[in-house]
1. Sort Arg66, Arg61 by Cβ crowding within 10 Å, fewest neighbours at the top.
2. For Ile75 paired with Met1, estimate the spin-label separation in nm (one decimal), with each label point 7 Å from Cα along the Cα-to-Cβ line.
3. Given the Cα-Cα distance of Lys64 and Cys107 and 0.36 nm per residue of separation, how much length would full extension add, in nm?
4. Decide, for region 1-70, between rounded, prolate and oblate: order the square roots of the alpha carbon gyration tensor eigenvalues as a ≥ b ≥ c, take rounded if a/c falls under 1.5, and otherwise choose prolate if a/b is larger than b/c, else oblate.
5. Sequence neighbours fewer than 8 away in the same chain don't count; with that in mind, list the lysines whose C-alpha is under 22 Å from Lys98.
6. What GluC sites (Glu not before Pro) does region 1-104 have in DSSP loop regions with at most 14 other beta carbons within 10 Å?
7. Show me, for region 10-20, the HN-Hα J-couplings you get by feeding each phi into the Karplus relation (A = 6.51, B = -1.76, C = 1.60, θ = phi - 60°), rounded to Hz, glycine and proline as x.
8. Once R0 is set to 25 Å, what does the formula 1/(1 + (r/R0)^6) return for the Cβ-Cβ distance between Gln8 and Asn47, expressed as a FRET efficiency to the nearest 0.05?
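Derivation of every value follows stated rules applied to the coordinates shown; laboratory data play no part. The structure presented is a predicted model; accordingly, all values stated were derived computationally and were not measured. Virtual Cβ from ideal backbone geometry, glycine too; neighbours counted across all protein chains shown.
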Amino acid sequence: MGSILQSQCKCGYESYDLYLGGGMMNFHTHCEISCYCDECEIVFSKNILTKEAKQSEGRIRCVKCRKKVPYYGKIVNDDYNKDYHMEWHIGDKSYYLKGDNQHCPKCKKDTLQIYPVGNFD
Ligand SMILES: [Zn+2]
Ligand SMILES: [Zn+2]
């Protein structure tokens, strides 16, 4: 079961629904994490278990301009850290996402909040 997330910034920026993780049937091939593009000024989520994402060493391409963009959170080998608010297991690694003080692609400040609004499966 994955989570549905939303992001919102103090400047007024609000994203569409974002996804974290994958569904029950496709979690081996599908894991969405949240990314942002400063140029297009958008936050979006993308599957990082595609061939394309693996070939570009985890760098993700913007859904709009196709440039390589950074993602929120961290993919790590080590254990749970309570500073992170959300987590998802990817094979033997873990993805952690902290919900507050994230980079906003619109105002470029670290005042974006990412928070769960529901689940999908
Ligand atoms: Zn872009
Ligand atoms: Zn902002």
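1. Working: Arg66 9, Arg61 17.
Starting with the residue having the fewest Cβ neighbours, the order is Arg66, Arg61.
2. Taking the two extended label points, one gets 2.5 nm.
3. Length gained, Lys64 through Cys107: 13.6 nm.
4. It is oblate, given that a/c is not under 1.5 and a/b is not larger than b/c.
5. Cα-Cα hits under 22 Å: Lys10, Lys46, Lys68, Lys74, Lys82, Lys106, Lys108, Lys109.
6. Values: sites: Glu14, Glu32, Glu39, Glu41, Glu52, Glu57, Glu87; in loops: Glu39, Glu41, Glu57.
Hits after loop and neighbour filter: Glu39, Glu41, Glu57.
7. Per-residue couplings from phi come out as 4, 6, x, 5, 9, 8, 6, 4, 10, 10, 10 Hz.
8. Values: r = 23 Å, r/R0 = 0.92.
According to the calculation, E is roughly 0.60.
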